[in-house]
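What follows is a single structure, written as structure tokens, with notes after it.
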2 protein chains.
Amino acid sequence: MDQIIKGSFVHTPTSDAFEFLPDRYTVILGRTIQGVYTELPEAWSHLPVTAYDGAMIIPGFVDLHLHAPQFEQMGLGMDHELLGWLREHTFPVEAKYQSAPYAEVMYSRLVKALAANGTTRAAIFGSIHAESTLILARLLREQGLGAFVGKVNMDRSAAPPLLETTEDSLTDSVSFAESDRFDAMVKPILTPRFAPACTPALLQGLGDMASARGLPVQSHLSENEDEISLVKTLFPDFHSYAEVYEHFGLFGRTPTLMAHAVHLQERDVELAARGGVMLVHCPLSNLNLASGMMRVRPLLKRGIRIGLGSDIGAGHSLFMPQIIISAIQTAKMQHQMHGDQPLSLAEAFYMATKGGGEFFGPVGSFERGWEFDALVISGYDELPIMSRLEKFLYCGGPEQIAARYVAGESMAKKSQSFMDNESNIFPPHVGLHRGRN
Amino acid sequence: MDQIIKGSFVHTPTSDAFEFLPDRYTVILGRTIQGVYTELPEAWSHLPVTAYDGAMIIPGFVDLHLHAPQFEQMGLGMDHELLGWLREHTFPVEAKYQSAPYAEVMYSRLVKALAANGTTRAAIFGSIHAESTLILARLLREQGLGAFVGKVNMDRSAAPPLLETTEDSLTDSVSFAESDRFDAMVKPILTPRFAPACTPALLQGLGDMASARGLPVQSHLSENEDEISLVKTLFPDFHSYAEVYEHFGLFGRTPTLMAHAVHLQERDVELAARGGVMLVHCPLSNLNLASGMMRVRPLLKRGIRIGLGSDIGAGHSLFMPQIIISAIQTAKMQHQMHGDQPLSLAEAFYMATKGGGEFFGPVGSFERGWEFDALVISGYDELPIMSRLEKFLYCGGPEQIAARYVAGESMAKKSQSFMDNESNIFPPHVGLHRGRN
């Protein structure tokens, strides 16, 4: 539907500063922004106008790393580090997703929570179960979200119910990627869990599949020191963690997301820069699992692209402003320790919108040719616009999101559960936004 | 009123573990717990029983450091470090509190927000203005909260509207402490802002006043490296920051709270241990102002008592579970960097309840002789009790607090605004708990 949205827009066309566009008419043709005008051009005066006077409109949030089955375990078991937490908490939870009816119930909660929290695009790990992960893809479409969704591959280093044979893992990945559940908004992504959970044969098969079918890739890189030691043990011929993925064609040959990147060697950084790999900073998760803190500034200086991820369930919130603030806080600690220039609010906001959005195409900015993803934010009306944004990001909550658009489509119109009464999806006693389930 | 509260209680009588007391009758005589019973003793069967079946009851939260006038600036100006932030953001805001009507409006919002967030006791900095700070004291009483409230002293290093003469500062502090606004629940505390804002004559006068009147003391210690340099410049004869306070009788001669303690010298630690000074860990604030991260474990090993503080407005949340989680996260980073044993959830919860509560007397635990401060928490009913607590602390919000008690008194009964309909104080579109104002 072609339409016009009127309101006051704030975004980060570049990472170094916010741009404020007060009282503008944004003309949207289908999914895409045709232009942003101070006065409505005659040529478009026939289009319907939705006016959000007094509200602030920002790009939708992009969550570049989260584990769908772990939604139910958010906030639990945070006394572990990565490998123990996977063994004791995560794998038993993920095993439950071999049941499709269970996945249907739990994933529909997750998808509603994502929308309620203002996430409009996400890159998501499912479980090894192709059927359940396709249910997730369908629910995302029904909710009107944009996503890359991956069936997880792991043929070693996991307990039996979550262990696949190499062959099954590859076969299931092919049929998963070919499913008609996918469309222009919800797409498949190859998802080797992480190098220690995959044999060389599986990595080779997935790398071949990525190249042959032009499929993007997501995985984990250098999150935890014990994990890195495990990679050294399992892949003794490689000089760095990233080299493993790179060798098998899974590190930038097709568009690639790598989560964490907390403990990088120089060789990893070189390969990420050369391959145009997008790193996903998950600061809440890295703090919760005592993994460490990504050194963002030196990576940005090398030209590496960085987005943000909630990484639930190791992260404990889906609300991207909390991830933005945590990214700023950890960058301040890297300033304290290493003298790295801290991240500005604009830089962290950029990572959660246009920076991460780039993985989905022209997403995360209010520019001509960009897809119209937007959140209409209410509250703090008495403050100047930049203070309103600061207050929302530091102190606000999803209950302030009055409307959501993804690729030009109003979520209230797309989804019946939103249409009834959008504000009803997060009554105070349901608190979806904080991840109760 | 003597009464019985029935429900399932969770608390930390010691810092090393949670104790779970399912389906107990807690007998409360006036302010104080007479006993906690699995079956109601005949002797108390005549008392009225309030049953919270299915809910979880935890001690009220203790916020040991916050700045009342800064409530309105939460989440703003976080691109500064301490001294620039004080000059550019905080002092202009605090100057507004010379107006008593302004203080009445803003402090009544703060006091409601504290209650909504589940804080039952707090140690609070006002501004230099005695009249406005006494308004705060009255509002706290009316709301039914327990508090130490301090008129701030500063006779140097501030801009003129916030600068006092030494004599006025001392005279106002005497009349402030003698005000009939105080009672057993809301008490005065001497509050030199921090050493750099006080001349030796002022510190001497306050130290004499503390000893003569048995008044407790609160201030700031070693928050930021530039601040510490300033102390060295202004007090060249002293070997450490704490020595300045100690010399003037403001470091443990009477009960003393010192906020931050991020960059301590060995001499500071010795003096804190010897003086029984309670340190207040404010991790969110320390991250936001890039101050650093307190090394909690070595201080605990020296027997130093540590409570938690929101430190709004440098902190951006009044909700103490967020401070608990931030304390755990920063301790995990100290584990990463220095090998310090991380804080368990029980240890951080203890700091926010019984640990900090000790400054108010027997507060923060469900033991015989303890004052009954409690929060009734709803939600996550399907989980085992310890998981419910974890979920609430990591993912929950103030909207889950179904009832509040301070010193045996139900806040719903105490305050008319709560009595009408307690849940109405935090409708989703007001969001008081996240600090909108």
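Computed values, structure above
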quantity: Solvent exposure, largest accessible area first (probe 1.4 Å, DNA, RNA and ligands not counted), of B:HIS338, B:HIS89; calculated: B:HIS338, B:HIS89
quantity: Cα-based reach from B:LYS332 at 24 Å (exclusive), listing lysines while leaving out same-chain residues under 8 positions away; calculated: A:LYS332, B:LYS301, B:LYS354, B:LYS391
quantity: Cα→Cβ-extended label distance, 7 Å offset, between A:THR14 and B:THR50, nm; calculated: 5.9
quantity: Buried on assembly, region B:67-91 (at least 20 Å² less accessible surface than by itself, 1.4 Å probe); calculated: B:MET74, B:GLY75, B:LEU76, B:MET78, B:GLU81
quantity: Per residue, in Å², the accessible surface of region A:61-360 once ligands and nucleic acids are set aside, probe 1.4 Å; calculated: 29
quantity: Protein-only accessible surface order, largest first, of A:ARG138, A:ARG404 at 1.4 Å; calculated: A:ARG138, A:ARG404
quantity: Solvent-accessible area of B:HIS247 with every protein chain in place, 1.4 Å probe, in Å² to the nearest 10; calculated: 110
quantity: For A:ILE377, distant residues with modelled amide H under 5 Å away; calculated: A:MET56, A:ILE57, A:ILE58, A:ALA402
quantity: Area accessible to solvent at A:THR32, 1.4 Å probe radius, in Å²; calculated: 50
quantity: Solvent accessible area, Å² - A:LEU140, 1.4 Å probe, full protein context; calculated: 0
quantity: Among beta bridges that DSSP assigns inside chain B, antiparallel share in %, nearest 5; calculated: 40
quantity: R0 of 60 Å, Cβ-Cβ distance A:GLU225-B:GLU142: FRET efficiency to nearest 0.05; calculated: 0.65
quantity: Other-copy label distances relative to B:MET1, 7 angstrom Cα-Cβ extension, nm; calculated: 5.3
quantity: P(r) histogram, all alpha-carbon pairs of region B:61-360 included - 10 Å bins from 0, percent; calculated: 7, 31, 40, 20, 3, 0
quantity: Residues with amide H under 5 Å from that of B:MET154, placed H, sequence gap 5 or more; calculated: B:GLU164
quantity: Relative contact order of region B:234-363, defined on C-alpha pairs under 8 angstrom at six or more residues apart (%); calculated: 20
quantity: Chain B: relative contact order as a whole-number percent, Cα under 8 Å and 6+ apart; calculated: 21
quantity: Exam field: A:ASP237 pseudo-label spacings to other copies (7 Å along Cα-Cβ), nanometres; calculated: 7.4
quantity: Teacher prompt: A:GLU88 distances to equivalent labels in other copies, 7 Å Cα→Cβ, nm; calculated: 4.4
quantity: Value of Rg to Rh for the protein assembly as shown (Rh from inverse mean 1/r over Cα pairs, i.e. Kirkwood); calculated: 0.98
quantity: Antiparallel %, DSSP beta bridges [both residues in the protein assembly as shown], to 5; calculated: 40
quantity: Equivalent ellipsoid semi-axes - Cα gyration tensor, region B:71-157, angstrom; calculated: 22, 16, 12
quantity: Counting all C-alpha pairs of region B:1-61, share separated by more than 13 Å (%); calculated: 62
quantity: Range of Cα positions in region B:181-331 per principal axis (Å), largest first; calculated: 40, 40, 29
quantity: Rel. contact order, % - alpha carbon contacts under 8 angstrom, at least six apart, region A:1-152; calculated: 20
quantity: Carbon/sulfur fraction of accessible area - region A:289-386, other protein chains in place, 1.4 Å, %; calculated: 52
quantity: DSSP beta bridge pairing in region B:1-130, given as percent antiparallel to the nearest 5; calculated: 60
quantity: Estimated 222 nm signal from helices in chain B, with DSSP H stretches of n ≥ 4 weighted -39500 (n - 2.57), rounded to 500; calculated: -10000 deg cm²/dmol
quantity: Estimated vicinal HN-Hα couplings, Hz - region B:185-192 in sequence order (Karplus 6.51, -1.76, 1.60; Gly, Pro = x); calculated: 9, 10, 10, x, 9, 6, 9, x
quantity: Largest to smallest accessible area among B:ARG253, A:ARG193 [probe 1.4 Å]; calculated: B:ARG253, A:ARG193
quantity: Placed amide H near B:GLY309: partners under 5 Å, 5+ positions off or other chain; calculated: B:LEU64, B:HIS281, B:CYS282
quantity: Area buried, chain B against chain A - accessible surface, total, 1.4 angstrom probe, square angstrom; calculated: 4100
quantity: Per-residue ³J(HN,Hα) for region A:60-77, Karplus 6.51 cos²θ - 1.76 cosθ + 1.60, θ = phi - 60°, Hz, x for Gly and Pro; calculated: x, 8, 10, 9, 8, 7, 7, 10, 4, x, 7, 3, 6, 9, 3, x, 10, x
quantity: Estimated vicinal HN-Hα couplings, Hz - region A:357-362 in sequence order (Karplus 6.51, -1.76, 1.60; Gly, Pro = x); calculated: x, 4, 5, 9, x, x
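The values are calculated or read from the model by the stated rules, or taken from the named source; none is laboratory data. Note that the structure is predicted; figures quoted are calculated from it, not measured. Cβ atoms come from the backbone with ideal geometry, glycine included; neighbour counts cover every protein chain shown. The protein model used for the area step is the full one, side chains on, heavy atoms only, and it has no ligands, DNA or RNA in it. Shrake-Rupley method; radii C 1.70, N 1.55, O 1.52, S 1.80 Å.
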